[in-house]
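For reference, the structure discussed in these notes is given below.
The values are calculated or read from the model by the stated rules, or taken from the named source; none is laboratory data. Because the structure is a prediction, the values reported are computed rather than measured. In this analysis, Cβ positions are derived from the backbone assuming ideal geometry, glycine residues included, and neighbour counts consider all displayed protein chains.
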Amino acid sequence: HPALEITDLRKTYATGVQALKGVSLTVAPGDFYALLGPNGAGKSTLIGVVSSLVNKTSGDVKVFGIDLHAHRSEAMRQIGLVPQEINFNMFEQPFDICVNYAGFYGIPRAEAEKRAEEELKKAQLWDKARTMSRTLSGGMKRRLMIARAMMTRPKLLILDEPTAGVDIEIRRGMWKTLKEVNAAGTTVILTTHYLEEAENLCRNLAIIDRGRIIEQGPMRSLLAKL
Ligand code: ADP
Ligand code: ADP
């Protein structure tokens, strides 16, 4: 099964805005996939539908062959989500943030602690595991968001504009973490409006504009067209 298969997805908000006007795309297991497009293109709406935060108007979404509409909780168990805003408790330590998150998903304490160490190391945060999160730099906080999402060992990690508004040093640190996550076998999908980011990370991408996919394919062949 593809990691993600979207067929003719449409979303019209209550305001009448048609944010998605029939989007179809397929992401292979193990892929690193970018959804590139300007502000207002529909990227967050698409991510919102796939992560069950936004109700679709019509169309189909399958996650590793599991229909999101018919089997929502099973489909959601495959997905880790990194939202745009940093939303962990600044007065907790990274280690506890990761362990408690796993606990919420029913992962036993010993296993959670083992995973926290692994994920914090991948995110280059192990030396900060016991400091108060409030004192982490902006880049560290964003990498902690990734480590936390990985605690449930999702097969598909989805990130909504993970590096929007951050400087190039922070962005490079996040790219390194994301490359490690993908190299370890997790399918990664991110939205971005930075072509450079897509170019650096992704094997395949879709370019979305005003609710439609206007180009789709391997990064290399799309770059040749630009
Ligand atoms: P859904 O049906 O997917 O839940 P809605 O159309 O009900 O979505 O909108 C969800 C909320 O977002 C509403 O309260 C709406 O007022 C608010 N909203 C409206 N326009 C925008 C916008 N451009 N960006 C973000 N939120 C918006
Ligand atoms: P992107 O993530 O590419 O910037 P969005 O998915 O946020 O695009 O927005 C796509 C379109 O849908 C925009 O016109 C936006 O104003 C509108 N929109 C987004 N969220 C809502 C909402 N909750 N209610 C109404 N309109 C929305």
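For the range 62-82, indicate whether the set of residues that are within 16 Å of ligand 2 (Cβ to nearest atom) and either surrounded by fewer than 17 Cβ atoms within 10 Å (Cβ to Cβ) or assigned to a loop (DSSP other than H, G, I, E, B) (or both) is non-empty.
no
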For residues that are part of a loop (DSSP other than H, G, I, E, B) and crowded, with 20+ Cβ neighbours inside 10 Å, tally how many sit in the range 155-188. 4
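So is Asn200 modelled with pLDDT of 95 or more, more than 19 Å from Glu85 (Cβ to Cβ) and surrounded by 15 or more Cβ atoms within 10 Å (Cβ to Cβ) or not?
Details: modelled with pLDDT of 95 or more: no; more than 19 Å from Glu85 (Cβ to Cβ): yes; surrounded by 15 or more Cβ atoms within 10 Å (Cβ to Cβ): yes.
Here the answer is no, as Asn200 does not meet what is asked.
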The range 1-46, residues that are in a strand (DSSP E or B), among the charged types (D, E, K, R) and either touching a Gly at 6+ places or on another chain (Cβ under 6 Å) or within 14 Å of ligand 2 (Cβ to nearest atom) (or both): Asp8, Arg10, Lys11, Lys21
May I ask you to verify whether Ile214 is under 25 Å from Thr7 (Cβ atoms), loosely packed, with under 14 Cβ neighbours inside 10 Å, within 16 Å of ligand 2 (Cβ to nearest atom) and not hydroxyl-bearing (Ser, Thr, Tyr)? yes
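Just need a number here: residues in the range 125-139 that are in a helix (DSSP H, G or I), modelled with pLDDT of 95 or more and closer than 20 Å to Leu178 by Cα.
Of all residues in the range 125-139, those in a helix (DSSP H, G or I) come to 126-128, 133-135, 138-139.
Now drop any that are not modelled with pLDDT of 95 or more, which leaves 126-128, 133-135.
After this cut, where a residue has to be closer than 20 Å to Leu178 by Cα as well, the list is 126-128.
Residues in the range 125-139 being in a helix (DSSP H, G or I), modelled with pLDDT of 95 or more and closer than 20 Å to Leu178 by Cα: 3 in total.
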